[in-house]
1. With θ set to phi - 60° and the Karplus curve 6.51 cos²θ - 1.76 cosθ + 1.60, what are the ³J(HN,Hα) couplings of the stretch 39-56 in order, to the nearest whole Hz, using x for Gly and Pro?
2. Given the -39500 (n - 2.57) contribution per DSSP H run of 4+ residues, what per-residue ellipticity at 222 nm results for the chain, rounded to the nearest 500 deg cm²/dmol?
3. If we count every other residue with Cβ under 13 angstrom of residue 121's Cβ, Lys/Arg +1 and Asp/Glu -1, where does the sum land?
4. Sort all Cα-Cα distances of the stretch 261-314 into consecutive 5 angstrom bins from zero, then give the percent of pairs in each bin up to the one containing the longest distance.
5. Tell me the per residue accessible area of the chain using a 1.4 Å probe; a whole number in Å² is fine.
6. DSSP loop trypsin sites (Lys or Arg not before Pro) in the stretch 79-185 with at most 11 other Cβ atoms within 10 Å of their Cβ, which ones?
7. So what are the three principal axis dimensions of the chain from its Cα atoms, in whole Å, longest to shortest?
8. Can you list the trypsin sites (Lys or Arg not before Pro) in the stretch 282-318 that are in a DSSP coil and have 13 or fewer other beta carbons within 10 angstrom?
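The values are calculated or read from the model by the stated rules, or taken from the named source; none is laboratory data. All figures in this text were calculated on a predicted structure; none of them were measured in a lab. Virtual Cβ from ideal backbone geometry, glycine too; neighbours counted across all protein chains shown. Just the protein is used for accessible areas: all its heavy atoms, side chains included, with ligands, DNA and RNA removed. Shrake-Rupley method; radii C 1.70, N 1.55, O 1.52, S 1.80 Å.
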Amino acid sequence: MEANAVKSNLVLILDFGSQYTHLITRRIRALNVFSLCINGTSSLKSIADLNPRVIVLSGGPHSVHAQNAPCFPPGFIEYVQSNNVHVLGICYGLQLIVQQLGGEVRVGEKQEYGRMEIGVEKVGGLFGYKKVGDRQSVWMSHGDEAVRLPEGFEVVARSKQGAVAAVENRGKRFYGLQYHPEVTHSPEGMETLKYFLFDVCGVTAGWTMEDVLDEELKVIKDTVGLEDHVICALSGGVDSTVAATLVHKAIGDRLHCVFVDNGLLRYKEQERVMQTFESDLHLPVTCVDAVEQFLSKLKGVTEPEKKRKIIGSEFISIFDAFAHDLEQKIGKKPAYLVQGTLYPDVIESCPPPGSGRTHSHTIKSHHNVGGLPKDMKLKLIEPLKLLFKDEVRELGKIMGVPPAFLKRHPFPGPGLAVRVPGDVTLENRLDILRKADDIFIQAIRDAGIYDCIWQAFAVFMPVLTVGVQGDQRTHSYAITLRAVTSQDGMTADWYYFDHKFLADLSTRICNEVPGVNRVLLDITSKPPSTIEWE
């Protein structure tokens, strides 16, 4: 499909704070339709500039009656009407439609949370593929409910308790679902979304990674002048490698990659990564040894966000120095810096809807999103910033990046600094962690479960514990093991290891890593935790 055709079929999600909002984006992309998610309180101009075919109003934790409850911008209703845009409200989004178009929403007499059964009352735009009386299990999560609909709207489904479960006004192209069709707990949710998009809205499927590749190559070529040179910060991870491969495909030898050993890498990471770059990817890479530079700046620093900011700042100073040296060599100053920023990085750095904040509510920051200095001299190119991790892997596969490299678990921009709570420079904490982590990852590979896990790593615990090793009392550190399953890193659950595997692994780490006498397992999901520790 042509790029313009893809853009004309855009499904835009207005995020009002639901923990499931990113799943809507994912589910729609799974139908080969391009979707984007922006803040629900974005300006009307921001929405109109994207020219969406369909707009989805997400769920959210707010009540439409609450003070400062988030809402779409003034003029929104008039805009979608005059531009023939279809609108689907989900949960809070349905209540917002009802309230803003003249209906009434009240606190429900019986709140509905979790699995509920709904029945179709009228065959229409949302359930045209169903019959009246058909029932299905869905996932509800609401305290308020619509009790009086705006003029022209009708109820097309109710819950077993009699609450409004789905509404529509086909003439005005407004639709609403009180439940969450995007979650797996609503087994027929994807079928409903598919019918709505294709049969009701007339959206055309056709968005593929080939489209992304063609479009990004064009954008890069249009952005980078014919004589401009570009620097790429390679971390050894999937994201930066795919980004570098993409830019190299667009501009060739005018790309100059730099790999920085900041002293926060995994066991033998520099040797392994450089070999892959040179022998398999054939990328022009310069390795910079900056171990002392980074660790000296991190000495005595314990606050997580400060550590990230320092690391981000040092990376940029190295890139600036590399750019200066490159200028002396080629006689032209590099103009751009490539980074492998992903869509989850962007999403997690957005202010929460209804918070009243205009700045980012920081879940995490690193040199990709939150650690860049305001006076940075290089302009950014972020070709992957609208993609999820699995989409990046698919893009890399199309461009011929080796499968073994694409399957590598994510590694954070700040490296092991976020896996050593507190001061990373004390004693030999980094060396202890590297050895324990290498044993853990190799054991996972040997067990044949590496590809079943989204991300696995060890964490150094800065707490001395009492142990008995070699018939002697020891006072050594603990290591925590973390392994999660996920689709995109936005949510995650812990991986269920075989008990014997864990027992053998604990024995190995305590026997082979000096300074460790205890091994723990992190069994916390995301949310409430993050995947990384700091």
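1. Computed from phi, the couplings for the stretch 39-56 are 4, x, 9, 4, 5, 4, 4, 4, 5, 5, 4, 7, 6, x, 7, 9, 10, 10 Hz.
2. Mean residue ellipticity, 222 nm, calculated: -9500 deg cm²/dmol.
3. The answer is +3.
4. 4, 17, 24, 19, 16, 11, 7, 3
5. Heavy-atom accessible area per residue stands at 43 Å².
6. 131
7. Each principal axis gives a Cα extent; for the chain these are 73, 65, 41 Å.
8. Hits after loop and neighbour filter: 299.
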